[in-house]
Structures are given as C-alpha cells and as structure tokens.
1. Being more than 16 Å from the ligand (Cβ to nearest atom) and basic (Lys, Arg) is the filter here; which residues of the stretch 71-117 pass it?
2. Going by the conditions given, is residue 207 out of contact with any helix residue (DSSP H, G or I) (no Cβ under 7 Å at 6 or more places or on another chain) and within 15 Å of the ligand (Cβ to nearest atom)?
3. Taking the conditions exactly as written (in contact with a strand residue (DSSP E or B) (Cβ under 6 Å, 6 or more places away or on another chain), within 30 Å of residue 18 (Cα to Cα) and part of a helix (DSSP H, G or I)), does residue 100 satisfy them or not?
4. How do the pairs read when you match residues in the stretch 237-262 that are on the phi < 0 side of the Ramachandran plot and among the aromatic types (Phe, Trp, Tyr) with residues anywhere that are surrounded by 21 or more Cβ atoms within 10 Å (Cβ to Cβ) and assigned to a helix (DSSP H, G or I), using Cβ under 8 Å and keeping only pairs 6 or more apart or on different chains?
5. Of everything in the stretch 256-273, what is loosely packed, with under 15 Cβ neighbours inside 10 Å and either at pLDDT below 95 or in a helix (DSSP H, G or I) (or both)? Give them in sequence order.
6. Looking at the stretch 210-217, is at least one residue buried (at least 16 other Cβ atoms within 10 Å of the Cβ) and under 29 Å from residue 25 (Cβ atoms)?
7. Let me confirm something: among 60, 68, which residue is in a loop (DSSP other than H, G, I, E, B), within 16 Å of the ligand (Cβ to nearest atom) and surrounded by fewer than 22 Cβ atoms within 10 Å (Cβ to Cβ)?
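The values are calculated or read from the model by the stated rules, or taken from the named source; none is laboratory data. All values derive from a computational prediction rather than experimental measurement. All Cβ positions, even for glycine, are placed from backbone atoms using ideal geometry, and neighbour counts span all protein chains on display. Protein only, heavy atoms only, side chains kept; ligands, DNA and RNA dropped before computing areas. Shrake-Rupley method; radii C 1.70, N 1.55, O 1.52, S 1.80 Å.
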Amino acid sequence: MTRQALIVHGGAGPVPESERAARQAAVERARDAGWSQIGAGALAAAVAAVRHMEDEPLLNAGIGACLNTDGEVELDAGVMEGGGLRVGGAACLRDVRHPIDLAVAVMEDGRHVLLAAAGASRFARDHGLEMADPAIFITDRKRQRLLEGADTVGAVARDAEGHVAVAVSTGGRTGKLPGRIGDSPIAGAGFYADDRFGAVCGTGLGEAFIRLGLARLMVVELQHGMDPGSVAQGAVDHLGKALGAAGGVIVIGREGPPHAAFNTPAMPWAMAE
Ligand code: ASP
C-alpha cells in the first residue's frame, strides 16, 4: 500500500501582507476538504481541494477571480490522472459555476483534452453542470483589479493504490486580454501527472510555463531519478533564469513527502500525509 499524500497551493502572486493569514487559512480549509476525499482516490481528493478554493473569494479562481481588460472574469481549469494519462482542460469560461467540474467532464468524455469559450459552456450545459451568472464571480471590482499579476489554485494527490492526480483552476492574470488562455488548462505546461513518476502543478506567469513546457519537464526530471524537492526548486530557478518569470510549483513523487517551491515573496500551501 502506498502512503497517501496531498499538497494544495493558493497561488504565488503578489498579495497585500494583510491578506496573507486569511489566504493561508483558506488553503488549509481546502487541504482538509481534499484530504477528506483521499479514500475515494487521488483524483477525488485533488478535485475536492480545488473545488473548495473556487469558492474562496480571496483566491484567484472561481468567485473572486481577477479581471481582464474589459473588467470581466474568464476562467481556466485543468485536471490529469496519472494512471491512464487522462487529461481535461476548460478555458475562457464566463458562466460555468465550477470550472474544475468542467475539466473533469472533458476528461471523462475523452474525445478532446481542451475546450474553450462558448463551445465549452455549451458542453457544460449539455452535461448538466451548474451554470452561473458571470456577475457572481466578481466580488470586489476594485480589489480584483488591484491584484497585480496573477494567481492560480492547485492540488496534487497520491492515493493508497499509488495513483497520482492533479487539479488546477485560475482566473489567469489581471489585465489580460479577453480570450487569453494561460498554462492552467494545458497539460505539460501548468500541470502533469504520470503514475510511474509523480505529479506536479504550477502557478505564475502562464506564458512562461507554456514556453518552457515546465510541468512536463519536471516529470521528465522525476523520471530520470531527481528527488521531488530538487525538481521543485530547480523548476522555479529555471523559470527565473530562463525567462525572468515569477511563480511556484508543488510536486508529489511516487513516494516520499510532497514539496513546494516558489521564487515570489509568498505562496500559501498546505499538505497532509
Ligand atoms: N498561471 C496562471 C496564468 O497564467 C496565473 C498564475 O498562476 O499566477 O493564467
């Protein structure tokens, strides 16, 4: 039997010092929500943690997500199972209540790995997912505009059968152009999972994660025998050195404890084993 593990993060973006404790508490609540599902498997645990964070208004996913240049919220989410390398992504969503649920539905449907915008909304409706008035995602327009940069929420889990999974959800970056899609719904960029090696999840400048193929690169390093802590630290070092980008990552290998690393002033995270 494999030792179960879960790690959850609430984003590496810049936030006021005054919000740090409340954001850490929100991430710990998400860790608890995820850990309560670990008996149902790694995917269930990772998704439960992220789904919880989509409802935490201080985190940049779902309710409270940052605004684009039109002052609107457009959401991205992704999920991957390390067993069959199954992937689901959903991008540029305005009216899907829980983007992570749509990512799971895309994965389970299995025809495609990424759906965006109006077609993604139609798919969500057709699959009976909860829809939402886009206005509910906007909590405090001033605060959401002031959040410079970005954030993402994510969770990586390993269950008793040795399966790993990752789930990610984000509002992207403040002031992004309408239609912009980041790394968070794109497997290999913002997240990746492979039962043979481990699973990873990133937060930070999405364009940099995509250009570096960073999540896949991290799993290749695990494949080559690097320890998960060094993979995490190496990834944020690479992000900074190669592209001058800021961000953070969480990692779980086939065995051993979870790891987090970031090159920003703070990234709330919490784990359970
Ligand atoms: N990676 C996200 C994006 O670029 C934002 C972040 O995590 O800071 O959409």
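1. Result: 86, 97, 111.
2. It is true that residue 207 is out of contact with any helix residue (DSSP H, G or I) (no Cβ under 7 Å at 6 or more places or on another chain) and within 15 Å of the ligand (Cβ to nearest atom).
3. Details: in contact with a strand residue (DSSP E or B) (Cβ under 6 Å, 6 or more places away or on another chain): yes; within 30 Å of residue 18 (Cα to Cα): yes; part of a helix (DSSP H, G or I): yes.
So residue 100 fits the description; yes.
4. Note: pairs meeting the criteria are 262/236.
5. If the condition is that a residue be loosely packed, with under 15 Cβ neighbours inside 10 Å and either at pLDDT below 95 or in a helix (DSSP H, G or I) (or both), then 265 is the only one that fits.
6. Scanning the stretch 210-217, I find at least one residue that is buried (at least 16 other Cβ atoms within 10 Å of the Cβ) and under 29 Å from residue 25 (Cβ atoms), so the answer is yes.
7. Working: 60 fails: surrounded by fewer than 22 Cβ atoms within 10 Å (Cβ to Cβ).
Going through 60, 68 in turn, just one is in a loop (DSSP other than H, G, I, E, B), within 16 Å of the ligand (Cβ to nearest atom) and surrounded by fewer than 22 Cβ atoms within 10 Å (Cβ to Cβ): 68.
This table checks each residue for (1) part of a strand (DSSP E or B); (2) open to solvent by less than 10 Å² (accessible area, probe 1.4 Å); (3) at pLDDT below 95; (4) under 21 Å from residue 55 (Cα atoms).
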{"position": "143", "(1), (2), (3), (4)": "no, no, yes, yes"}
{"position": "156", "(1), (2), (3), (4)": "yes, yes, no, yes"}
{"position": "160", "(1), (2), (3), (4)": "no, no, no, no"}
{"position": "166", "(1), (2), (3), (4)": "yes, yes, no, yes"}
{"position": "170", "(1), (2), (3), (4)": "yes, yes, no, yes"}
{"position": "182", "(1), (2), (3), (4)": "no, yes, no, yes"}
{"position": "192", "(1), (2), (3), (4)": "yes, no, no, no"}
{"position": "200", "(1), (2), (3), (4)": "yes, yes, no, no"}
